[in-house]
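The values are calculated or read from the model by the stated rules, or taken from the named source; none is laboratory data. Quantities reported herein were computed from a predicted structural model and do not represent experimental measurements. Cβ: placed from backbone, ideal geometry, glycine included. Neighbour counts: every protein chain shown. Surface accessibility is based on the protein's heavy atoms, side chains included, excluding ligands, DNA and RNA. Shrake-Rupley method; radii C 1.70, N 1.55, O 1.52, S 1.80 Å.
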Amino acid sequence: MRFRPLIVSSIALALLPLSGPAYADDPTPTPAPAVTQTPTPAAPTEQPPASIDPKEKVEDGLGVDGGTERAVVELTDPAQNALVATKAAADSVDVLLQPQSQSFMVVEGTAEELAKLAEDPRISSIHRDRTYTPADVTPNLALIGADKVHAGGNTGAGQAVAILDTGIDPDHPWFQGRIVAQACFSAKEEAGVESLCPNGATEQTDGNAADATTAQCLADGVNLCDHGSHVAGIAAGTGGVAPGANIVAVQVFSRINDEEICGDPSCVVAYESSLRQAMDYVANLNQPIAAVNLSLGGYLYDTNCDGTEEGTIFKQKIDALLAKNIATVVAAGNESVEGVSHPACVSTAVSVGANDNDDRIADFSNVGSLVDLFAPGVDIESSVPDNATAVYSGTSMATPHVAGALALMKAASPQTPMTELIDKLKTTGRPYTYEANGAQVTTPRLDVGAALAGAATQPTITQSPITQPAPTDDASPEPDDSANPAPEPEPEPEPSTSPVPLPTVTVTVTTTVTPTPAAASTVCTRGTAAKKLTAKKWAVEIHRSSGTIPDGTLTCYLKLISKSSKVFSELTKSSSLGKAYRVLKNTKTGKAKLDSALLTAWLNWAHGTNGTSTLTTAEKVRLSSKPSAAALKKAVTNVLKTVK
């Protein structure tokens, strides 16, 4: 099963890493052409050629290591949904979701069962039901000029912002009866995946369907669903960018009760299938909606992802919304890389990075030519469940600043095409100039005051280099493992009693909605040591706090890896320190040796070294259904060269 913390960037949501909401959390991207906002019409579905090889329809690595996989089955014709589902069930494939009038369904089956299913000519492809995590989560309003817009009488009234996130506190004073629609699309499975819809089903569109205060959202007294309320408060709460705008709240996350996947007893993730249903729901609403906010993220890209399978799917959804004058605003991610997470990589999405209130790019924010705008995302106070407020940081917090700004823009000029409003924000924003991918990049910082007042653009700010250091060519001395031998495999490491600096989010909650000083949150991001360690040395670091790197930082590294690697933890589970330790120590088979080498190299990357092309090539070998012993050995050799 593919668990990719789009982080609430676990809930990294834009607080700081994890593939779910986008809090702050890396491939090394290259400059990409400027993003345009011209929607591309969805290509008509066509019957695939009868001669197509069914094996080519199934995503690489799906079920290759045994067990069952949750997968999205793409159909050539929505009308065939019921017929294909009936046949799949007859062939012992579990049909988990069968959305009406949709060209896909969700199933669970073994590699063999999915391969047989792919023989049906009515099926165009089968791929993992990918997951996304929240992006890790005032002076911020003054910085972007929203206070001046409010003073002029524009609060966004008459427009709405759709928040596709972890739900909302429907009774919070910050929203004052402005929640005009609620829905829930939340996947569930028998083994550890729980729907967060109040009715317990996978879909709900009545009542408080996006309620974030239900029992399903609570774990040992902690609300796992606070991210959505915080994001909604920034966009359109009483203390937000568009305090007069309405809110459409959609719960798209599911609860995972598996410490091996979460790193904690429970976490939340959003499945691709849930997001697709939610985006269609918003597109069909009879509401004047300015923007859809996605403070979440998945796999990292350093170039435009329109041509990838997941990019193509989401571009059609984003373009359909844009055709209705609704922007899709997405967190760039918190991995501190020159690139963005999916779906921010889609060209017609508005990708948002984070800056602080001193006009500096946040050290956790992703950067580069794929980022369309920067907005405040450091120490942002906003609403959370139970009538409280909290301070979070991350691109998840930056994104709703732009969504709220578009509500103000559309309220002022409702007939202007959304593409023009987006371009207006870009051309009037304060320019940030910095180096990325060996070239100079200029990205505007949101200034809605200038956009609506016609004010002159503020002077350019040259940013100091913030990208990760490149590794040196000199090989680092190999650690002397004889002096400190790696311990033998043991059960799961017990929690460390030492402080965990990352990715813990420090949150100050008040008992009223009155803003109060709150401690800054910490963001899970790549290290800066840029030091290469061997598998044995990493095993020492991971085992029972026997190394020098804090357990919290190591857990953060594993979360970052899960967003960058297609092997971890999608194919080989390594979300927890105990699992990662066993992967590093197990070299009994060719696949196990490659897993150990890959995890070692990815840990070095998370620790600050650059370069992932060799790892990506080796992962293709690992994801193949029947790799030869020679191919596995060669891949291991190539990967090990990168850790010396």
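Worth pointing out:
- Karplus (6.51, -1.76, 1.60) ³J(HN,Hα), θ = phi - 60°, over the range 121-126, in Hz, Gly and Pro reported as x: x, 7, 9, 8, 6, 9
- Amide H contacts under 5 Å for Ala212, placed H, 5+ residues apart: Ile168, Asp169
- Around Pro173: net Lys/Arg minus Asp/Glu count, Cβ-Cβ under 15 Å: -3
- Net charge of neighbours whose Cβ lies under 10 Å from the Cβ of Val340, counting Lys and Arg as +1 and Asp and Glu as -1: -4
- Anchor Lys55: lysines whose Cα lies under 17 Å away (excluding residues fewer than 8 positions away in-chain): Lys116, Lys620, Lys626
- Candidate lysines - alpha carbon under 18 Å from Lys579, same-chain residues fewer than 8 apart omitted: Lys536, Lys537, Lys559, Lys563, Lys566, Lys588, Lys591, Lys593
- Judged by the mean number of other Cβ atoms found within 10 Å, the most tightly packed of the peptides 330-338, 79-87, 412-420 leads the ranking 330-338, 79-87, 412-420.
- The separation of the range 598-644 from the range 104-129, counted between C-alpha centres, amounts to 28 Å.
- Straight-distance candidates among the lysines for linking to Lys148, with alpha-carbon spacing under 25 Å and chain neighbours fewer than 8 residues away dropped: Lys410, Lys424, Lys426.
- Using θ = phi - 60° and Karplus 6.51 cos²θ - 1.76 cosθ + 1.60, couplings along the range 95-104 (whole Hz; Gly, Pro as x): 8, 8, 8, 9, x, 5, 6, 10, 8, 8
- Solvent-accessible surface of the range 300-438, averaged per residue with a 1.4 angstrom probe and all protein chains in place: 23 square angstrom.
- In this structure the amide hydrogen of Val384, modeled in the peptide plane, comes within under 5 Å of the amide hydrogens of Thr389, Ala390, none closer than 5 places in sequence on its chain.
- Portion, in percent, of the accessible area of the range 256-317 that falls on carbon or sulfur, probe 1.4 Å: 42 percent
- Vicinal HN-Hα couplings computed from phi for the range 445-451 (Karplus, 6.51 cos²θ - 1.76 cosθ + 1.60; Hz; Gly/Pro x): 8, 3, 9, 5, x, 5, 5
- Summary of the geometry: the range 136-178 and the range 332-359, compared by the centres of their Cα atoms, lie 21 Å apart.
- Probe 1.4 Å, protein heavy atoms only - accessible area per residue of the range 131-257 in square angstrom: 30 Å²
- Kirkwood hydrodynamic radius of the range 186-247, Cα pairs, Å: 13.1 Å
- Surface accessible to a 1.4 Å probe, Arg122 within the full protein complex, Å²: 60 Å²
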